[in-house]
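What follows is a short report on a single structure.
The values are calculated or read from the model by the stated rules, or taken from the named source; none is laboratory data. On a predicted model such as this, the values are computed, not experimentally measured, just so you know. Note that we place each Cβ from the backbone using ideal geometry, even for glycine, and neighbour counts take in every protein chain shown. These accessible areas exclude ligands, DNA and RNA; they are computed on the full protein's heavy atoms, side chains included. Shrake-Rupley method; radii C 1.70, N 1.55, O 1.52, S 1.80 Å.
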Amino acid sequence: MPTVFRESGFRFFFYSNEGDPREPLHVHVMRGGAEAKLWLEPELQFEYTVGFAPRDLRRILILAAAYADEIKDKWHDHFGS
């Protein structure tokens, strides 16, 4: 599970096996026992969230938007597409 970055206690990461065929560009986020999956394209939106408070979800969206280019670059570096 390659970590993209950590901030404010959140860990943004990819699973190494993202399906076959591979799912579109997205990132997973964990903190404590909570997890979310966030699509980056065609727009930033949650696929699912489990255990995060609404304020955490807002913070995750802000961080994902701020780091979107880095997430995309690391996705393409890791998966080669």
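Residue count for the stretch 15-27 under the criterion of being in a loop (DSSP other than H, G, I, E, B) and either touching a residue at least 12 places away in the same chain (Cβ under 8 Å) or within 8 Å of the chain's Cα centre (by Cα) (or both): the result is 6. When you look at ARG22, is it open to solvent by 70 Å² or more (accessible area, probe 1.4 Å) and touching a helix residue (DSSP H, G or I) at 6+ places or on another chain (Cβ under 9 Å), yes or no? Against the criterion (open to solvent by 70 Å² or more (accessible area, probe 1.4 Å) and touching a helix residue (DSSP H, G or I) at 6+ places or on another chain (Cβ under 9 Å)), ARG22 qualifies. Only one of the numbered conditions (1) open to solvent by 10 Å² or more (accessible area, probe 1.4 Å); (2) in a strand (DSSP E or B); (3) within 17 Å of ALA66 (Cβ to Cβ) is not met by MET30, and that is (3). Per the conditions (1) open to solvent by less than 60 Å² (accessible area, probe 1.4 Å); (2) more than 13 Å from the chain's Cα centre (by Cα), the sole criterion not satisfied by PHE12 is (2).
Quickly run through the stretch 33-81 and pick out the residues that are open to solvent by 70 Å² or more (accessible area, probe 1.4 Å) and either among the hydroxyl-bearing types (Ser, Thr, Tyr) or in a strand (DSSP E or B) (or both). Correct list: GLN45, GLU47, TYR48, VAL50, SER81. Of the numbered criteria (1) at pLDDT 95 or above; (2) in contact with a Phe, Trp or Tyr (Cβ under 9 Å, 6 or more places away or on another chain), the one PHE10 fails is (2). Read through the list (1) more than 10 Å from the chain's Cα centre (by Cα); (2) under 14 Å from GLU23 (Cβ atoms); (3) touching a residue at least 24 places away in the same chain (Cβ under 8 Å), then give the number of the only condition that GLU70 fails. Among (1) more than 10 Å from the chain's Cα centre (by Cα); (2) under 14 Å from GLU23 (Cβ atoms); (3) touching a residue at least 24 places away in the same chain (Cβ under 8 Å), GLU70 violates only (2). For the residues LEU63, LEU25, LEU40, the requirement of being at pLDDT 95 or above and not acidic (Asp, Glu) singles out LEU63.
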